[in-house]
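Only one structure is covered here, and it is reproduced in the block below.
The values are calculated or read from the model by the stated rules, or taken from the named source; none is laboratory data. Quick caveat, the model's predicted, so the values are computed rather than measured. All Cβ positions, even for glycine, are placed from backbone atoms using ideal geometry, and neighbour counts span all protein chains on display. The accessibility values were calculated without ligands, DNA or RNA, using every heavy atom of the protein model including side chains. Shrake-Rupley method; radii C 1.70, N 1.55, O 1.52, S 1.80 Å.
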Amino acid sequence: MGLQIDIQAIVANWRALASMAPTARAAAVVKADAYGLGAGRVVAALYEAGARDFFVALAREGQVLRGHLPEDARINVLSGHMEGQDLSGLVPVLNSTEQFFRDRAMRPGQPFALQLDSGMNRLGMEAGEWASIRDEALAAGPAFIMSHLACADEPEHPANASQLAAFRAMTEGCDVPLSLAATGGILLGKDYHFDLVRPGIGMYGGLPFAQARPVVRLSLPVIQTRVVEPGEFVGYGSTWTATERCRIATVAAGYADGIFRALSSSGASLYADGRPCPIVGRVSMDLVTADVSALDGVPAELDLICDEQPIDRVADYAGTIGYEILTSLGQRYERTYL
């Protein structure tokens, strides 16, 4: 089974998103192993394309990437300064007064950034907390101040304007680079761009960047085919029964490989040269079955993620989002980089 990753498509998507915010510096969010696609390969290509700012979730992710990037690349850690983490060569994005004082005591003179909570109530300092250390924090020279939008993929959602106003109020008079927009925020327009934008899911071909170039193709090898007669069932629990004579292909992948069990008889298909073969029966740990009766011949592989069924369409069938489809892809796939 093969996971084909188009590195140049990732670079093209990053450039396209960067061009939408021409007055801002474009970073790249590469947490969770570049959303499951291989951070080492991805950051090397993005650095060559001009990216110098990268975001990860955890310090240990940053340390892995440090070895893949020249010294002038800045690796920002969104979880901030947590106890016991190695932050050498990294920039923690400090989320609380506790983190701020810990970081300044343990890393005096080392680079840091700040996150403010503009309304998401997840990470960052709330207005009162920020006011209590604002002067001291600014005097210490943060690399940037950021916040994060909760509803940027819904352009008309009132939370966007509310968070923008809150972020502006908290950063008024701060002579520090500001960052509010990830992929969805970039698409909201220049009011959200500030000095640094943070492309993430859009780089990897996901919504809300509908114009993104596809990045991933997931091809699954066919192990066996069989004829199933009317009245016979397929898979665990006998949840799908043939109503007519059909041909069923079994492919070598399952929920252990990130193919969600919710795709069982969901309407999702495997594809053969653009032709859909409906998934039937339950997705099991290592196997998926599909009705290939419409094909003249069964190919060696069938595609789950492809141009006809991109990550967000797979996510719709599974009742989730494209982020989860990408980050759940298992380690048993042979990865090929274009």
The answer for GluC sites (Glu not before Pro) in segment 49-150 that fall in a DSSP coil and have at most 16 neighbouring Cβ atoms within 10 Å is Glu71, Glu83, Glu126
Longest the chain segment clear of trypsin sites (Lys or Arg not before Pro) sitting in DSSP loops (not H, G, I, E or B) with at most 16 other Cβ atoms within 10 Å runs 123-244
A 1.4 Å probe over the protein heavy atoms gives segment 1-133 a carbon and sulfur accessible-area percentage of 52
Output for segment 284-338: GluC sites (Glu not before Pro) sitting in coil per DSSP, at most 16 other Cβ within 10 Å, listed by number, reads Glu308
Within the under-12-Å Cβ sphere about Met285, not counting Met285, Lys/Arg +1 and Asp/Glu -1 give a net charge of +1
Helix 127-139 sits off the longest principal axis of the Cα atoms of the chain, rounded to the nearest 10 on a 0 to 90 degree scale, by 60
With only helices counted (DSSP H, runs n ≥ 4, each -39500 (n - 2.57)), the per-residue ellipticity at 222 nm for the chain, to the nearest 500, works out to -8000 deg cm²/dmol
Measure of exposure for Ser266: accessible area at 1.4 Å probe, Å² rounded to 10, is 40
Of every hundred units of 1.4 Å-probe accessible area on segment 149-272, the number belonging to carbon and sulfur atoms, as a percent, is 49
Probe 1.4 Å, heavy atoms of protein chains only: per residue, the accessible area of the chain in Å² is 44
Total charge of the residues flanking Arg168 in space, meaning their Cβ is under 15 Å from its Cβ, with Lys and Arg +1 and Asp and Glu -1, is -3
Any GluC sites (Glu not before Pro) in segment 167-252 that lie in a DSSP loop and have at most 11 other Cβ atoms within 10 Å would be Glu172, Glu244
Around Glu98 (Cβ within 15 Å, Cβ-to-Cβ, excluding Glu98; K/R +1, D/E -1) the net charge comes to -3
In whole angstrom, the spacing between the Cα centers of segment 171-242 and segment 306-324 equals 6
